[in-house]
Amino acid sequence: MNKQRRDNDIIQLAHGGGGRLMHDLIQDVFESAFRQEDFSARHDAALLRDINGNVVMSTDSFVVNPLFFPGGDIGSLAVNGTVNDLAMQAARPLYMSTGFIIEEGCPLAFVRRVARSMRIAADRAGIAIVTGDTKVVERGHGDGIYINTAGIGVIEHEDTLGPERIEPGDAIILSGDIGRHGIAVLATREELALESELESDCAPLAADVLALVEQGIKLHCLRDLTRGGLGTALVELSEDSQKTFVVEEDAIPVSNAVASACEVLGFDPLYVANEGRFAAFLPADQASEAVAFLANRNPELQPVIIGEVQDDGKPIVVARSPLGTERVIDMLSGDQLPRIC
């Protein structure tokens with residue numbers, strides 16, 4: 001069977017049955033995409049040699065509808081999401097595993113496209129996909145493709161990051177405009193016609209974070225802004241640190257396309273998902289330097305100082321308007337946008 005014929009095939013239950021079809025799927029799709037010179041693609045476990053430093057590990061699962069969207073797909077989303085979880089500890093990403101759960105009837109061409117996308121994203125982020133697994137579920141019991149990952153990174157510095165490190169007087173920095181991922185996915189799924197083209201912000205964050213550390217910026221806490229968006233992340237960190245956060249609402253960058261879509265659909269951009277943005281808490285006297293440094297590294301970003309940390313014993317997030325009025329930011333009781341990561 002030639003390659004063109006195989007790409008026109010669909011996934012069958014037998015692709016997960018341990019026989020010839022499964023062997024061919026693993027060899028022709030996954031091994032060809034993920035092969036690493038230093039690792040045996042046919043072994044059930046990868047030997048990770050000589051990791052020096054504090055090891056960080058994360059795990060995540062990815063479900064998104066549609067599988068492909070402007071600016072990315074479930075494959076790049078899985079890699080970048082894994083890398084970004086490691087990056088929030090300022091860890092250098094090293095290795096990751098991937099598990100595919102594929103629905104019977106999914107076009108083989110989709111699986112091949114996702115695998116290739118993962119390899120491209122992994123190479124860009126500097127992480128190696130070293131082991132994996134494949135399962136096939138019956139038609140109607142999945143959503144095309146689900147992906148589970150685990151990531152391993154190493155901390156090469158002495159600082160520890162976390163909510164407990166947030167201090168009164170810390171500045172709160174946002175690395176760029178918000179809401180792109182959630183609106184891009186929704187617009188594709190619902191076939192919405194936006195006034196201007198919008199791509200997901202799906203991207204790896206490790207390089208920017210590590211560059212800040214190497215620059216001497218004393219980061220106290222980082223959080224990537226995925227499901228629940230900026231608003232939910234701030235509330236979680238406020239509760240964990242038992243501190244009050246005050247943010248200037250007009251300082252938060254939102255693109256015209258996202259703002260327009262949210263206005264029409266009744267969404268608050270603060271709660272729309274992102275896949276390439278983070279909030280950072282750091283000493284106020286280094287905030288301007290950090291913002292300028294990030295902007296110079298990537299002119300497409302809009303890093304800004306959006307607020308400060310206060311210490312009055314109240315875990316609360318307050319958004320202040322340009323007119324001086326204030327509102328409390330709280331968690332939503334449910335999701336604005338399903339299936340976005």
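Looking at segment 247-268, I want the residues that are closer than 18 Å to residue 331 by Cα and have a partner that is surrounded by fewer than 16 Cβ atoms within 10 Å (Cβ to Cβ) with Cβ atoms under 6 Å, at least 6 apart or on another chain. Which pairs are those?
If the second residue must be surrounded by fewer than 16 Cβ atoms within 10 Å (Cβ to Cβ), the pairs left are 249/321.
Sort through 156, 190 and tell me the only one that's in contact (Cβ under 8 Å) with a residue 24 or more places away in the chain and surrounded by fewer than 17 Cβ atoms within 10 Å (Cβ to Cβ).
After applying the criteria, what remains is 156.
From (1) touching a residue at least 60 places away in the same chain (Cβ under 8 Å); (2) out of contact with any Phe, Trp or Tyr (no Cβ under 8 Å at 6 or more places or on another chain); (3) outside the structural domain of residue 286 (by TED's automatic domain parsing); (4) crowded, with 21+ Cβ neighbours inside 10 Å, pick out the condition that doesn't hold for residue 96.
(1)
Residues being over 21 Å from the mean Cα position of the chain (by Cα) and crowded, with 23+ Cβ neighbours inside 10 Å: count how many of those fall in segment 248-289.
Number of matching residues: 2.
If you take the residues in segment 260-282 that are of a type in the set (Gly, Ala, Ser), within 27 Å of residue 194 (Cβ to Cβ) and not in a loop (DSSP other than H, G, I, E, B), which one is modelled with the highest pLDDT?
So the residue we want is 279.
Please list, ordered by residue number, the helices (runs of 4 or more DSSP H) wholly in segment 165-259 having 1 or more residues that are of a type in the set (Ser, Thr, Tyr) and either in contact with a helix residue (DSSP H, G or I) (Cβ under 6 Å, 6 or more places away or on another chain) or under 30 Å from residue 119 (Cβ atoms) (or both).
Output list reads 180-190, 229-241.
Taking the stated definitions as given, is residue 285 assigned to a helix (DSSP H, G or I) and farther than 29 Å from residue 69 by Cβ?
Against the criterion (assigned to a helix (DSSP H, G or I) and farther than 29 Å from residue 69 by Cβ), residue 285 qualifies.
Of the numbered conditions (1) within 19 Å of residue 58 (Cα to Cα); (2) surrounded by fewer than 16 Cβ atoms within 10 Å (Cβ to Cβ); (3) of a type outside the set (Phe, Trp, Tyr), residue 163 fails exactly one; give the number of that condition.
(2)
Do you know which of the residues in segment 173-185 that are in contact with a Phe, Trp or Tyr (Cβ under 9 Å, 6 or more places away or on another chain) and more than 24 Å from residue 283 (Cβ to Cβ) is surrounded by the most Cβ atoms within 10 Å (Cβ to Cβ)?
Restricting to residues being in contact with a Phe, Trp or Tyr (Cβ under 9 Å, 6 or more places away or on another chain) and more than 24 Å from residue 283 (Cβ to Cβ), the top hit is 181.
The values are calculated or read from the model by the stated rules, or taken from the named source; none is laboratory data. Nothing here was measured: the structure is a model prediction, and the numbers come from that model. When we count neighbours, we look across all protein chains shown, and the Cβ atoms used for this are built from the backbone with ideal geometry, even at glycine.
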